[in-house]
1. Just to verify a number: FRET efficiency for Lys131 and Arg275, C-beta to C-beta distance, R0 = 45 Å, to 0.05?
2. Roughly how big is region 42-106's charge dipole about its Cα centre, with Cβ charges of +1 (Lys, Arg) and -1 (Asp, Glu), in debye to the nearest 20?
3. Could you tell me what fraction of 2.2 N^0.38 Å the Cα radius of gyration of region 56-215 comes to, as a two-decimal ratio?
4. Using +1 at the Cβ of each Lys and Arg and -1 at the Cβ of each Asp and Glu in the chain, identify which of Ala41, Leu163, Gln140 lies farthest towards the dipole's positive end.
5. I want to check the label-to-label distance for Ser113 and Arg262. Put each point 7 Å from Cα in the C-beta direction and report it in nm to one decimal.
6. Under a point-charge model restricted to the Cβ atoms of Lys and Arg (+1) and Asp and Glu (-1), what is the dipole moment magnitude of region 260-324 relative to its Cα centre, in debye to the nearest 20?
7. Order by neighbour count: Arg311, Arg289, Arg190, fewest other Cβ atoms within 10 Å first, most last.
8. Need one word for region 137-258: rounded, prolate or oblate. Basis is the Cα gyration tensor (sqrt eigenvalues a ≥ b ≥ c); a/c below 1.5 gives rounded, then a/b vs b/c decides.
Amino acid sequence: MTGGWRGWVARLWSALLCSALVGLAPPALAKPPACPPAAQAPDAATLAQWQAQARDRGLLWRYEKDGRSGWLFGTLHVGRGPWSVPGPALSLALEQADRLVLEIDPLADDTQSALRAPTPASGPAPAAPPKALAARLRRQLERACVGTLLDGLTPSMQAVTLLALSARGAGLDPAWGQEPMLSQRFHQARRPVESIETVDQQVQALVGGDELDTLRQALDELENPASMAVVNRLAEAWAAGDLATLSAYPRWCRCLDTAQQRAEFDRVVLQRNARMAAHIERLHAAGARPLVAVGALHLVGEDGLPQRLQRAGFRLTRLGPGAP
């Protein structure tokens with residue numbers, strides 16, 4: 001694996017936000033023969049089959065303290081069509097929760113407006129990439145068959161989005177990520193949906209202020225055919241609720257071998273865990289019963305949200321796949 005892999009999984013979330021702008025079955029574009037398959041909205045018969053065969057996937061906990069409960073759901077930011085239908089345990093959590101809390105609500109108007117802003121609110125416009133990098137990015141945009149759909153994004157965010165979209169070749173698509181499904185359910189029912197972070201906060205964490213370095217690393221991974229093996233392993237572990245494999249991710253991903261890689265993982269995952277845990281504790285103190293749905297890597301390890309909440313006096317009960 002190249003060094004650019006180190007931030008791939010954590011950066012998928014920003015790619016998911018961009019994919020919400022692309023949506024299912026985008027308008028017809030001139031497509032070369034090698035175009036990856038686009039996600040298609042299921043017809044009634046297919047959806048009925050998915051619903052009849054729905055089962056729980058991912059990581060799910062109920063947390064309790066002082067007689068009140070909430071739920072933690074570890075999501076995957078890409079998926080397959082049937083994965084978009086919640087299983088029994090998640091469905092019950094959806095019914096009992098009084099609100100949905102996401103890293104960022106992908107369907108909120110301010111989210112999509114912020115993503116289309118030419119520069120982050122906290123910094124100047126990024127410098128144009130060198131011609132060689134720009135040419136590499138252009139080739140990847142053509143290969144992904146996205147036309148002009150990503151034109152409003154900075155080059156680094158275009159490349160990060162392409163990383164998520166590249167999983168389509170393995171049958172995994174950001175359109176089938178968990179966050180759009182959950183957000184749509186709550187919005188359609190006119191139930192509250194909240195964001196833990198702003199778009200600018202997340203972009204700063206994911207990109208780290210170095211646009212060209214992010215662009216270069218993302219392009220390296222897009223050009224690396226071995227990258228999809230890690231994505232597939234992560235996706236299958238998530239679908240099975242395989243906490244052991246997900247917890248061991250730093251050991252098998254080949255992504256935390258250097259001090260720089262570990263520092264980036266700390267910024268992208270661990271530092272954000274502290275912010276997420278504090279947000280959950282504030283909601284609980286205010287009497288809320290949320291379903292908190294964040295990327296699965298935020299829920300594993302000693303610094304993951306379940307362990308942080310346990311240390312804060314919460315009782316955690318594992319639900320869904322992998323539950324005792």
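Values quoted throughout were computed directly from the atomic coordinates according to the rules given, and no laboratory measurement underlies them. Everything quoted here is computed from the prediction, not taken from an experiment. For neighbour counting, all protein chains shown are included, and Cβ atoms are generated from backbone atoms with ideal geometry for every residue, glycine included.
1. Details: r = 38 Å, r/R0 = 0.85.
After rounding to 0.05, the efficiency reads 0.70.
2. Numbers: 7 positive and 8 negative charges, 39 e Å.
About 180 debye.
3. Values: Rg = 18.0 Å, N = 160, 2.2 N^0.38 = 15.1 Å.
Ratio of Cα Rg to 2.2 N^0.38 Å: 1.19.
4. Ala41
5. Simple spin-label model gives 4.3 nm for this pair.
6. Numbers: 10 positive and 5 negative charges, 38 e Å.
For region 260-324, the charge dipole is close to 180 debye.
7. Numbers: Arg311 10, Arg289 15, Arg190 6.
By the 10 Å Cβ count, ascending, the order reads Arg190, Arg311, Arg289.
8. Numbers: a/c = 1.43, a/b = 1.08, b/c = 1.32.
Judged from the Cα gyration tensor, region 137-258 comes out rounded (a/c under 1.5).
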